[in-house]
Every structure is written in structure tokens, then in C-alpha cells.
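Every number here is computed from the coordinates shown, using simple stated rules; none is lab data. Quantities reported herein were computed from a predicted structural model and do not represent experimental measurements. FYI the Cβ positions are ideal-geometry reconstructions off the backbone, even for glycines, and counts take in every protein chain you see.
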Amino acid sequence: MTGLSVVVPCFNEEACLPELHRRLSAAAQSAAGQDYELVFINDGSRDRSWDVMRQIAAADDHVVAINLSRNHGHQLALTAGLDLCRGEKILIIDADLQDPPELLPAMLETMHDQDADVVYGVRRSRAGETAFKRATAHGFYRLLSRATEIEIPVDTGDFRLMSRRALEALLAMPEQSRFIRGMVAWIGFRQVPLPYDRDQRFAGHTKYPLGKMVRFAFDALTGFSSAPLKLASHAGLALSLGSLLMIGYIAYAWISGQNIQGWTSLMLVVVVLGAVQMFVLALMGEYIGRLYNEVKGRPLYIVQEIAGESRRLGSWAT
Ligand code: UDP
Ligand code: MG
């Protein structure tokens, strides 16, 4: 098999799908001729995304549409598509056309010329996103790269082209809390950046409200670093030093016969200690919660239905 697979997770993207299909098909055809498949994953959308996908799959032999049983989240929906795709080269792209499909030929060329296993898009600019999103994303990627032992490239999303062997390495990782851009960095091989300008969303609103963004950030941090757990020892050290100073001061005050006012200082110590302890407990809780999740070993996602699979690239039957 030599084909190209394009994998697209979709959550409430009915307005983007027709244009996405048009632009992706054009890009894939110019790059791979007829030897390609488009894999759309419906991640429990509450709009008409699945109907639209099914229609597209019925009309176009190149399209496979996967309907998940409910909303499993971006990274798991993407995993479902990656599990099912058949191509020798795999492009991951968002459904909202923020990442231009027209970059595909350049990515294939870079992969070929530099003998790379992964060509990942690096966002030179991000159009149509709020200053808050840009600032938090900027801060997050830099914090992450300081906290982790492996090098996760900054300002990089899931928009990337991968070889089959890189994908197989990725799929061999069974974890539930998936931060795919980091997992791809972890596998190694030759990975090459390709800078591009990120467009506005074609239609609709971001599917990453603040809560999901925070969860995603925690998945990344806890999945790739145990540095937060070490904060407890840093805090312990700092507080021990503080208490030494305090002991010195109290001894001095006692010897020189001063009368120390108790309430303010006591409350200060109680409140600060309480806050630090709760914070450290919460951090430990994050890791324990994730351990619990992993230990259960549930499947990552449940597929309800697949449309268009019988005609696909190297079909199931063979
Ligand atoms: N997405 C998904 N499931 C979710 C949330 C998002 O499959 O629960 C998809 C979404 O349809 C899109 C991609 O993940 O294709 C990235 O989401 P979005 O563009 O909203 O994120 P942003 O670009 O704003 O960070
Ligand atoms: Mg987007």
C-alpha cells in the first residue's frame, strides 16, 4: 500500500464539512493522484455533522466516515481515525480549515527531501484567535517545554504529516490521557518543522472552551512530566528555611523581653501552610486520578458506525 490518509476529527462542524471536503480532495488529488482516503471522525456532534459526513461518504469513494458512540474528546477522536486509517503516509488536520490543506504538497516534499518521518506545522502566526487564547497558548507551550524531559516543539498543533512507521510507534502507546503532539515528539525518528500561518476558523466557534483547554494542559503536563510533584519538596525546603528565620527572630524577641503580638503572625502561618498543603494535595490528586483512569484500562473510544469503509484504500476485506 502506498496511499495517503487524511484524518480529521470533527465535533459540531457541519458548516465546515463541505468546504473541508472540497479543499482536502483537491489537495490530496494533486499530491497523491487517486491513491488517497479521507477519514472523518464524528466525535458525538450535536449538530448535523454525521448526516453531512454520511452524504459525503456516499457520494465520494475516497471518504470513510466514523461515528463514535458519544463525544470522546479531540485527542481520542483523532486516535480512532489513526487506528482505522490505512495509508502509508498520514496527514492529521483540524476540521475548521485553520490549517491550510494546500500545504500538503510542501509537506510531502519536505518529508521526501529531508528523509523525515514526521513533518509538523509550526504556527508562525494565528489569525482570528483572541489575545487571551494566543497568550495562554504561548505561555503553555513554553512552560511545557521547561517542565518536560523530552523536547516538545513549541507552537505546534496536531497538524502534521507522518510516515506509517511513526504512526505505528504512536499507536503502540496505550495511554488514556493522550497529548498526541507530545507523544509524537517522544517517539523520535527524524522530525522536521514547517512554518505556516494559521487562518481563521472557516465557520463556527472554537470547540475548546476554557475548561477543556485547562484539562488539555493538565494532560500534557502530567503525561510528560513529574516536575509538579517535586514542587512539594521545593515548598518544603522554602518553608523550612522560613521557619529557621522565624525561630531566630522569636528567640531574639524572647531574650530581649519584647512582647510579640500573636494573632496576626499565627493566622499568617496557618493560612500559608494550609494553602501550600492543599495545593500539593491537589497536585497529587491529579496524578492519582490519572493513574486510576489508566489502571481501569477501558477502551479509548467506542465506534458506533462506519460509512464508506467497503470501498476504501486496501479495504478491510483484503
Ligand atoms: N474536536 C473534536 N472533539 C472535541 C473538540 C474538538 O473532535 O471534543 C475537533 C474539532 O472539530 C476540530 C479540532 O478538534 O477539528 C480542533 O478544535 P478547534 O478548532 O475547536 O480548536 P482550536 O483550533 O480553537 O484550538
Ligand atoms: Mg481550530
* From D155, D99, D94, grab the single residue that is farther than 26 Å from A57 by Cβ and either of a type in the set (D, E) or under 16 Å from the mean Cα position of the chain (by Cα) (or both). => D155
* Could you look through the stretch 123-153, keep only residues that are among the β-branched types (V, I, T) and loosely packed, with under 15 Cβ neighbours inside 10 Å, and pick out the one that is nearest to L91 (Cα to Cα)? => I150
* Could we say that G139 is more than 16 Å from ligand 2 (Cβ to nearest atom) and either without any contact (Cβ under 8 Å) to a residue 12 or more places away in the chain or in contact with a Ser or Thr (Cβ under 7 Å, 6 or more places away or on another chain) (or both) here? -> yes
* **Residues of the stretch 41-65 satisfying the condition of being in contact (Cβ under 8 Å) with a residue 40 or more places away in the chain and either touching a helix residue (DSSP H, G or I) at 6+ places or on another chain (Cβ under 6 Å) or within 16 Å of ligand 2 (Cβ to nearest atom) (or both)** => I41, D61, V63, V64, A65
* To do: Select from the stretch 80-95 the residues that are buried (at least 23 other Cβ atoms within 10 Å of the Cβ) and not small (G, A, S) and write down the one among them that is farthest from ligand 1 (Cβ to nearest atom).
  => K89
* Looking at (1) surrounded by 10 or more Cβ atoms within 10 Å (Cβ to Cβ); (2) away from ligand 1 (no atom under 16 Å from the Cβ); (3) assigned to a helix (DSSP H, G or I), can you tell me which one I260 breaks? -> (3)
* Identify the residue in the stretch 1-54 that is among the polar types (S, T, N, Q) and either crowded, with 24+ Cβ neighbours inside 10 Å or within 15 Å of ligand 1 (Cβ to nearest atom) (or both) and, among all such residues, is nearest to K89 (Cα to Cα). => S5
